[in-house]
Amino acid sequence: MNPFQYTRSLAAAGAIQSVLKEPHAHFLAGGTNLIDLIKMGVVTPERLVDINPLPLKGIEKTATGLRLGALATNSEVADHPLVLQGYPLLSLAINAGASPQLRNMATVGGNMMQRTRCNYFFDTAMPCNKRSPGSGCGALEGINRMHAIFGASPACIAVNPSDMNVAMVALDAVVHVKGPKGERKIPFADFHRLPGDHPEKDNTLERGELIMAVDLPAPAFSQHVAYLKIRDRTSYAFALVSVAAALKMDGNMITDARLAMGGVAHKPWRLHAAETFLKGKTPGDDTFKQAAQIAMQGAKAYRYNQFKLTMAPNAILQALKTASA
Amino acid sequence: MSTKPGKDPEKPEKEPAGEGLLSGTRRDFLKQSSLLSAIAFAPATVVKAAENQWPEKVADAFEKVDVHLEVNGTKYNVQVEPRTTLLDLLREQLNFTGTKKGCDRGQCGACTVHVNGVRINSCLSLAVTNEGKKITTIEGLANGDQLHPMQEAFIKHDGFQCGYCTSGQIMSAVALVKEGRTQSREQISEFMSGNICRCGAYSRIVKAIQEVKTNQS
Ligand SMILES: Cc1cc2nc3c(=O)[nH]c(=O)nc-3n(C[C@H](O)[C@H](O)[C@H](O)COP(=O)(O)OP(=O)(O)OC[C@H]3O[C@@H](n4cnc5c(N)ncnc54)[C@H](O)[C@@H]3O)c2cc1C
Ligand code: FES
Ligand code: FES
């Protein structure tokens, strides 16, 4: 690992200032992504600003829902009684990711900010517009088995690797950030972005902005939920495709639906059209297959990820069956 | 800017007999080359160190940080570079070599230790972020000559072959029981999935865990 300087921050304002002062300074939370990237030479920081002492670990009820502090660990969130009770989809998604040890270290903010697992991004000998803008996309004509089928651009076909993000976008979470210009709120769906011509930007956070918390609205999907993750081994692997499904049922009628996918795009992929289609319908294979077909409109595969065009709609069908059961 | 090595005030002018010219040259070479390669990384402090002709120990320019922590019940005050991982601090500086380095990237679990009672991968945790924390390693499980029940169970059920993953497996398993994730074989497998065993001792590891769980309840 290249050497770097270290600052331990005791207040958010100080942490933000420390990061703004140097062009290659980064916030450090659980370290499970950042330290890995530093070891690989993908990130070469001059300074790490340790935000762990900041009082952002709380998980608290708000007037409308639940607030998750940016430094609450993935385990703390997944195991919290209020999350299990009101937002079981979030618990399922978090527990489908990484390993128990990593989830004990990983934080809400760090999970949102984790970089893609595209091999071309990790291998500094390879071209990658995300790591080194203008160098080209190695995956476009390369081994693109893990890559996007929605919303990609000729500059980048990488995917957002997070499981937690898929549940967050489905649940309409809101991100609270603090920066040099003050505080603002970002709907989760607008937090991550599509690659376009600037794949080096994963999200809409500006330099120096610190995630303070994520707010969940009042619990609306506490019963009929499923998180289906398909990967190369049963556990401890990133998603090829994942589906978060949440239904509100009145007797045998779907009154509301949330559907999102992971492993398919540069951002957690919300499936609004399929959700609209499901409302007012009766659960059943035909309905779910149609919803999956609607969800897959506009999908485009590359040489090695053609299988996702079949796997994704099947995963949607299966997740909806589980959720409605 | 000069890269000439300066004099080391701590060392006598002449090399002690027996080491002679060769080691002196080697040392000078190491000083120079480490300085040059450090400049290639070019963080501001290194360049400053070079400009000020501090050729002795460039690493010192990266401001070692004081860390106070407890390992297996003993308090330590250590100085570490910010980039030192908890794993390297334990193994290289404090000689707790029972904790193993497999992948060094969070992918295998060989480096699993408990921090304030919670299992983590020490290869992805910077030592400096463990200020004031209580660490337990595999060396801290036994009570004198009496092994921890999980260690006994691993021996009884042959929960290993080469043994490289074993300290990580046992640290994880002890935490798993505490977390109450031993309801079924499936649950044990899922919540032990952060520990890879290249020798494939998995089914025996599960048996060892089940025995400890049964004996406890
Ligand atoms: C072997 C392995 C397997 C994994 N498998 C999965 C998986 O299957 N599914 C999955 O979802 N994830 C997986 N992960 C990724 C893991 O979830 C992330 O590494 C973790 O969530 C990152 O959180 P952290 O707190 O450790 O972040 P850090 O590594 O500390 O930081 C990551 C980034 O976030 C920034 N950051 C951190 N906190 C803030 C904040 N509050 N405001 C602004 N910026 C911030 C940092 O500057 C840095 O750029 C895996 C990781 C490993 C190593
Ligand atoms: S050495 Fe830490 S997980 Fe492999
Ligand atoms: S016993 Fe050899 S790796 Fe597990």
Whole-percent tail of the Cα-Cα distance distribution for chain A, cut at 30 Å, equals 33 percent
Enter the mean number of other protein chain beta carbons within 10 Å of the beta carbon of each residue in B:114-124, as an integer. 5
One finds, for A:Leu84 and A:Ser135 with R0 = 41 angstrom and r their Cβ-Cβ distance, a FRET efficiency to the nearest 0.05 of 0.40
Heavy-atom accessible area order for A:Asp197, B:Asp88, largest first, 1.4 Å probe: A:Asp197, B:Asp88
Fraction of alpha-carbon pairs over 21 Å apart in the range B:149-216 - percent: 10 percent
With every protein chain left in place and a probe of 1.4 Å, what is the accessible surface of A:Ile143, to the nearest 10 Å²? 100 Å²
One point scatterer per Cα, no solvent, Debye formula: log10 I(q)/I(0) for the range A:1-52 at q = 0.15, 0.16, 0.28 Å⁻¹ comes out as -0.35, -0.40, -1.10
How high is the FRET efficiency from B:Asn116 to B:Glu152, r the C-beta distance, R0 30 Å, rounded to 0.05? 0.75
Please state the equivalent ellipsoid semi-axes for the range B:94-160: what are the square roots of 5 times the Cα gyration tensor eigenvalues, largest first, in whole Å? 23, 16, 10
A correct Stokes-Einstein calculation for the range A:189-271, using the alpha-carbon Kirkwood radius, 25 °C and 0.890 mPa s, returns a whole-number D in µm² s⁻¹ of 159 µm²/s
Can you give me the solvent accessible area of B:Glu190 with a 1.4 Å probe, rounded to the nearest 10 Å²? 50 Å²
Averaged across the residues of A:29-37, what count of C-beta atoms belonging to other chains lies within 10 Å of each residue's C-beta? 5
Please report the base-10 log of the normalised intensity I(q)/I(0) for the range A:67-217, using a Debye sum with one equal scatterer per alpha carbon and no solvent, at each q in 0.17 (1/Å). -1.01
Can you compute the modelled spin-label distance between A:Lys185 and A:Lys321, with each label point 7 Å from Cα toward Cβ, in nm? 4.0 nm
The range A:73-148: translational diffusion in µm²/s, Stokes-Einstein, Kirkwood Rh over Cα pairs, 10 °C, 1.306 mPa s: 110 µm²/s
Describe numerically, in nm with one decimal, the distance between label points set 7 Å from Cα along Cα→Cβ at A:Asn314 and at A:Asp286. 2.3 nm
Note on the range A:1-137, DSSP bridge orientation, antiparallel percent to nearest 5 equals 40 percent
How big is the B-A contact in terms of buried accessible area, both chains counted, 1.4 Å probe, rounded to the nearest 100 Å²? 2900 Å²
Each label point is 7 Å from the Cα along the Cα-to-Cβ direction; what then is the distance between the points at B:Ser184 and A:Glu206, in nm? 5.1 nm
Debye log10 I(q)/I(0) at q = 0.07, 0.09 Å⁻¹ for the protein assembly as shown, Cα point scatterers: -0.45, -0.73
Suppose only helical runs count, i.e. DSSP H with n ≥ 4. What mean residue ellipticity at 222 nm does that imply for the protein assembly as shown under -39500 (n - 2.57) per run, divided by all residues and rounded to the nearest 500 deg cm²/dmol? -9000 deg cm²/dmol
Let me check against my output: what whole-number percent is the relative contact order of chain A, with C-alpha pairs under 8 Å and at least 6 apart? 17 percent
Okay, which of the range A:237-276 sit inside 17 Å, backbone N to the point 7 Å along the Cα-Cβ direction of A:Arg145? A:237-242, A:263-264
Where the convex hull is taken over the Cα atoms of the range A:225-325, what is its projected area averaged over directions, in nm²? 6.3 nm²
Straight-distance crosslink candidates among aspartates and glutamates, where the alpha carbon sits under 15 Å from A:Lys185 and sequence neighbours closer than 8 are dropped: A:Asp172, A:Glu206, A:Glu209, A:Asp215
Compute the accessible area per residue over the protein assembly as shown, keeping the other protein chains in place, probe 1.4 Å, unit Å². 45 Å²
Between A:Ser222 and A:Met40, what's the calculated FRET efficiency when r is the beta-carbon distance and R0 is 56 Å? Round to 0.05. 0.90
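The values are calculated or read from the model by the stated rules, or taken from the named source; none is laboratory data. Everything numeric here is computed off the predicted structure, so don't read it as measured data. Positions of Cβ are backbone-derived with ideal geometry, glycine not excepted, and every protein chain shown enters the neighbour counts. When the accessible area is computed, the model is the full protein with side chains, heavy atoms only, and any ligands, DNA or RNA have been set aside. Shrake-Rupley method; radii C 1.70, N 1.55, O 1.52, S 1.80 Å.
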